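Below is one structure; the comments refer to it alone.
The values are calculated or read from the model by the stated rules, or taken from the named source; none is laboratory data. Computed from a predicted model, the values in this text were never measured in an experiment. Cβ placement follows ideal geometry from the backbone for every residue including glycine, while neighbour counts extend to all protein chains displayed.
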């Protein structure tokens, strides 16, 4: 994949230029992608302020989780939006993917670079702004170590979400028909990881710490940023494990994508 | 009347045939419902009542929300706007009988299928395992059903108005994308509107967003009278608005192409 880096960069630049040709449309889409974050956080704050705390976490501390999760989701979707089931389904049904396979680049590199979606930069920025606001409210004293933990959380969670998208795309190559089921992990996972993990039952917690490790990638580093002790079974040092675990999950996603392509038969005409 | 009923049945059948989408939708609703349930259980651990809601009210809100999600934000949201932009909508104006009623009948057929196959099973399972506050009498349940159907009607009427933007601009999507997050919050899909600050809540209570989700929730948890009356009033107002838009738009409709 690496030997075609120049090609991918040019493809990505072309797709960004293409969307920039309609600046008003692009602006509306970008603002909207960020506005969702602001609205969701505002609503949750209205609710949490009434209750005072959840699972021993103050509202600002919970909002930090929301910020990290949304930033990671934005980052993953800038590159991976086109891997969502309905879009892969369209690539297959229109025969576009047949052409992709004949090109001398990697299919994944081509698909990702050709459909970079800058509107999700809006979600990333809104998420990052949420992190800054929340840590300020929670009285976090930033240190290089804590900044590194926050960056690690975003990078690992984004890698996991991208992995989820790859699995969903691989699945869509086989079913052709788009399925809403991937949204459970994509948006549902983000939603779940936006609350402290101790509020969930042990089964749900196990799945989202060790199987689809979004909880491991967001909640555990956030403990370190906030200077909190984790619940039994989730000590803060696990944060350093999230990088290899996220990498492993991403690799699994890559395998699923390849398996999907092996079963790809096109839809003919 | 018989023609509209046939359209309603056709809409019902069409939506019912998407089996895979149904399974995926039920999974999504179940997952979000479980997470939201865990959130409310944790929130109410040290409190009995907040903003007039107790844990049973909150859980009822959660599962009615999951049940009505695909009714209010119907996956076919943009069909009308796309038909207007492509020019196919002209066919609707040429067909016999009233176009607004025809569109409503077909749409309602589809949402009734969602109500029957997604909303009812979701609520039935939830009420078996969780302390929900659903009406205990047949009459009460029937009223809840009526309220949900009214939610589906208002949903169609609002979607019709948003889709009609395509009569005036091909950029209807950017417009809606900026409005959507606000509608999402104010209709109560992020948190119950009961948690809003007083003035905002008073404002929202008088908006056509209340019939979509909060009215059915109130029918189940509080009193049915005011909630259903509000829904009926909004159906009437949006009916007039829809007719007005359709009359104005069909006079200025220009079909491109050849």
| message | Among the residues that make up the range A:188-203, is at least one of them in a helix (DSSP H, G or I), touching a helix residue (DSSP H, G or I) at 6+ places or on another chain (Cβ under 7 Å) and more than 14 Å from chain B (Cβ to nearest Cβ)? | response | no
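For every residue, the table says whether it meets (1) modelled with pLDDT of 90 or more; (2) within 21 Å of residue A:185 (Cβ to Cβ); (3) in a loop (DSSP other than H, G, I, E, B).
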| position | (1), (2), (3) |
| --- | --- |
| A:6 | no, no, no |
| A:16 | no, no, no |
| A:31 | yes, no, no |
| A:36 | yes, yes, no |
| A:40 | yes, yes, no |
| A:45 | yes, no, no |
| A:50 | yes, no, no |
| A:81 | no, yes, no |
| A:111 | no, yes, no |
| field | Wholly enclosed helices (runs of 4 or more DSSP H) of the range B:57-125 bearing at least 1 residues more than 17 Å from residue B:11 (Cβ to Cβ) and over 14 Å from the mean Cα position of the chain (by Cα) | value | B:79-86, B:89-94
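Inspect all residues belonging to the range A:138-150 and state whether any of them is within 11 Å of chain B (Cβ to nearest Cβ) and either closer than 27 Å to residue A:237 by Cβ or out of contact with any strand residue (DSSP E or B) (no Cβ under 9 Å at 6 or more places or on another chain) (or both).
To start, the set of residues in the range A:138-150 that are within 11 Å of chain B (Cβ to nearest Cβ) comprises none.
No, the range A:138-150 has no match at all.
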| field | Per-region count, the range A:20-30, residues more than 9 Å from chain B (Cβ to nearest Cβ) and more than 22 Å from residue B:184 (Cα to Cα) | value | 3
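Considering A:244, A:232, which residue is exposed (fewer than 15 other Cβ atoms within 10 Å of the Cβ) and not in a helix (DSSP H, G or I)?
Values: A:244 fails: not in a helix (DSSP H, G or I).
After applying the criteria, what remains is A:232.
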| said: Taking the criterion of being surrounded by 14 or more Cβ atoms within 10 Å (Cβ to Cβ) and away from chain B (no Cβ under 14 Å), would at least one residue in the range A:31-46 satisfy it? | reply: no
| note | Over the range A:47-91, the set of residues under 30 Å from residue A:177 (Cα atoms) and surrounded by fewer than 24 Cβ atoms within 10 Å (Cβ to Cβ) is A:75, A:78, A:79, A:81, A:82, A:84, A:85, A:86, A:87, A:89, A:90, A:91
| task | Identify the single condition in (1) buried (at least 22 other Cβ atoms within 10 Å of the Cβ); (2) more than 7 Å from chain A (Cβ to nearest Cβ); (3) in a loop (DSSP other than H, G, I, E, B) that residue B:170 does not satisfy, given that it satisfies every other one. | result | (1)
| From A:177, A:229, residue being at pLDDT below 90 and within 25 Å of residue B:19 (Cα to Cα) | A:177
| request: Mind telling me which of the residues B:182, B:153, B:190, B:217 ends up being surrounded by fewer than 17 Cβ atoms within 10 Å (Cβ to Cβ), within 16 Å of the chain's Cα centre (by Cα) and either free of Cβ contacts under 8 Å to residues at least 40 places away in the same chain or more than 14 Å from chain A (Cβ to nearest Cβ) (or both)? | output: B:182
| task | Hey, could you check the range A:206-219 for residues that are crowded, with 16+ Cβ neighbours inside 10 Å and free of Cβ contacts under 8 Å to residues at least 24 places away in the same chain and say which is farthest from residue B:34 (Cα to Cα)? | result | A:215
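Would you pick out the residues in the range B:15-29 that are assigned to a helix (DSSP H, G or I) and more than 9 Å from every other protein chain (Cβ to nearest Cβ)?
Passing the criteria: B:15, B:16, B:19, B:22, B:26, B:29.
Can you say whether residue A:50 is within 14 Å of chain B (Cβ to nearest Cβ), in contact (Cβ under 8 Å) with a residue 12 or more places away in the chain and closer than 26 Å to residue B:186 by Cβ, as far as the supplied structure shows?
Working: within 14 Å of chain B (Cβ to nearest Cβ): yes; in contact (Cβ under 8 Å) with a residue 12 or more places away in the chain: no; closer than 26 Å to residue B:186 by Cβ: yes.
No: the conditions fail for residue A:50.
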